[in-house]
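Student: Input: one structure, supplied below.
Please treat every number below as a calculation from the coordinates, not as lab data. Every value quoted in this text rests on a predicted model; they were computed, and no experiment measured them. Please note: Cβ atoms are built from the backbone with ideal geometry, for glycine as well, and neighbour counts cover all protein chains shown.
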Amino acid sequence: MKAGVGLISSLVLFLLIGAVFTQRPRQRKPTKRPPTIKKPPVRKPVVPTEPEPQEPTDFPPPILGPPSIFPDCPRECLCNPSYPNSLNCENRNLRAVPVIPLRTHYLYLHNNYISQVTADAFNNATEVRWINLANNRIQRIDKQVFEKIPALLYLYAQRNQLKEVPSGLPATLEQLRLDRNLISKIPPGAFSKMDNLILLDLHHNQLSDTGLGKNTLKDLKSLMQLNLAHNTLKKMPSGVPGNLIQLYLDKNLIDDIPKDYFKGFNHLAFVRLNYNKLSDKGVPKAVFNLSTLVDLQLAHNKLTVVPLFNSHLEHLHLNHNSIERINGTEICPYEMQADLSDNSLVPKLRYLRLDGNQLHPPIPMEVIMCFRHLHAVVI
């Protein structure tokens, strides 16, 4: 009995102690995090900025060629072993002319970004005969360049930004192509002593009557082809040599042809005056009556009458004028009643273009009877 009472007393004491411990206030965990200590920022090393590129960003990088068997071949060019005298530097994105080897006769530099041609690159290139500089951005060719290459025969520099004909051109030159530039001036004496020049192409420039001096062309004794189309000329060019065969003056502002302009030409076969301002008043009646003339083009002018022409003419372009009628008797180079049993005496006109005028079919019978070699008439 006493043992049971003791056990109960011990159990009660244990429960009382547990109740005391459960009534102690629990310590709450802090809701705020302790402040973090920020590390000092680490400064990155200053990297120097790259300098601005000296060339426009739209220029692609130059293209370097493979190693060549020729030690003097510039890396920007190609040197074909089959053609040891040719230096091919076209389409290489070049900004300047590389150093030209002594063995070079043919130099191809077209389709690049060259803006200036200086003499340094030609110090050893005394044998160059042919240069193609077309389709670059050339604004100047130094006079000293031509002193280095005194035997140059062909110079092609079309599609550039030249404002005048280069000075110091060599006397040996036979072909000079300067079309599609910005040329408005030909310096005095630019063509002096150039007795060998056969072809001069200056079409698509800005030449006016003042920019083309009176005696500019007189020294070109061997000239056969002269192209002055797409300029701003109001007068026929003066001083043109009499050996000329082809004269192209399309797309100018010419409104008058002097009566005896073609008198001194002994070989002139092709004359083109399309897209000018020629009227009947500015075209003397027989100015084109030349025995050597084969092709005459007078399209897109203001003519109302068909000009007279020689029996040797084969092609006549009169389209897009103001012609209202065509009289075969008037324009026939010979009398209609003449006996032409010899076929070689029959007028040689084979092609006649009259569309774009105020004419209506049919073609007058006198035209058919006179020009028996006519193959095509456009009306």
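Student: What does the highest-first list of 185-198, 266-279 look like by mean Cβ count within 10 Å?
Tutor: Highest to lowest by the protection proxy: 266-279, 185-198.
Student: With unit charges on the beta carbons (Lys and Arg positive, Asp and Glu negative) and the dipole taken about the Cα centre of the stretch 122-241, which residue among ASN227, ASN181, LEU199 sits farthest to the positive side?
Tutor: ASN181
Student: Right, here's the next one. Picking from PRO347, GLY282, CYS370, whose Cα lies most toward the positive end of the charge dipole for the stretch 255-379 (charges on Cβ: Lys, Arg +1; Asp, Glu -1)?
Tutor: Comparing the listed Cα positions along the dipole, GLY282 ranks first.
Student: Let's see if you can work this out: charge +1 on each Lys and Arg Cβ, -1 on each Asp and Glu Cβ, no other charges. What is the dipole magnitude of the stretch 109-203 about its Cα centre, in debye to the nearest 20?
Tutor: About 280 debye.
Student: How big is the gap, in Å, between the Cα center of the stretch 265-295 and the Cα center of the stretch 108-166?
Tutor: So the two Cα centres are separated by 36 Å.
Student: Could you give each residue of the stretch 192-199 its phi-based ³J(HN,Hα) in whole Hz, using Karplus coefficients 6.51, -1.76, 1.60 with θ = phi - 60°, and x for Gly or Pro?
Tutor: Listing the rounded values in order: 5, 6, 9, 6, 9, 5, 9, 10 Hz.
Student: Sort out for me the Cα centre separation of the stretch 231-248 from the stretch 299-336, rounded to whole Å.
Tutor: 22 Å
Student: Take the alpha carbon gyration tensor of the stretch 171-248, find the square roots of its eigenvalues, order them as a ≥ b ≥ c, and report rounded if a/c is under 1.5; if not, report prolate when a/b exceeds b/c, else oblate.
Tutor: Rounded is the answer for the stretch 171-248, as its axis ratio a/c remains below 1.5.
Student: Can you work out ³J(HN,Hα) from phi for every residue in the stretch 312-323, in order, using Karplus 6.51 cos²θ - 1.76 cosθ + 1.60 and θ = phi - 60°, giving whole Hz and x for Gly and Pro?
Tutor: With coefficients 6.51, -1.76 and 1.60, one gets 7, 5, 10, 10, 9, 10, 10, 5, 6, 10, 10, 6 Hz.
Student: Now for a different question. Using a 10 Å cut-off on Cβ atoms, rank the peptides 151-157, 59-65 from the highest mean neighbour count down.
Tutor: Taking the mean over residues of other Cβ atoms within 10 Å, the ranking is 151-157, 59-65.
Student: For the stretch 101-112, in order, what is each residue's ³J(HN,Hα) by Karplus, 6.51 cos²θ - 1.76 cosθ + 1.60 with θ = phi - 60°, in whole Hz (x at glycine and Pro)?
Tutor: Coupling constants for the stretch 101-112: x, 4, 6, 6, 10, 10, 10, 10, 10, 6, 6, 10 Hz.
Student: Take the Cα of GLN206, step 7 Å along the line toward its Cβ, and report every residue of the stretch 241-263 whose backbone nitrogen sits under 15 Å from that point.
Tutor: Flagged as within label range: none.
Student: Report the charge-dipole magnitude of the stretch 255-379 in Debye, nearest 20, computed about the Cα centre from +1 at each Lys and Arg Cβ and -1 at each Asp and Glu Cβ.
Tutor: Dipole size: approximately 300 debye.
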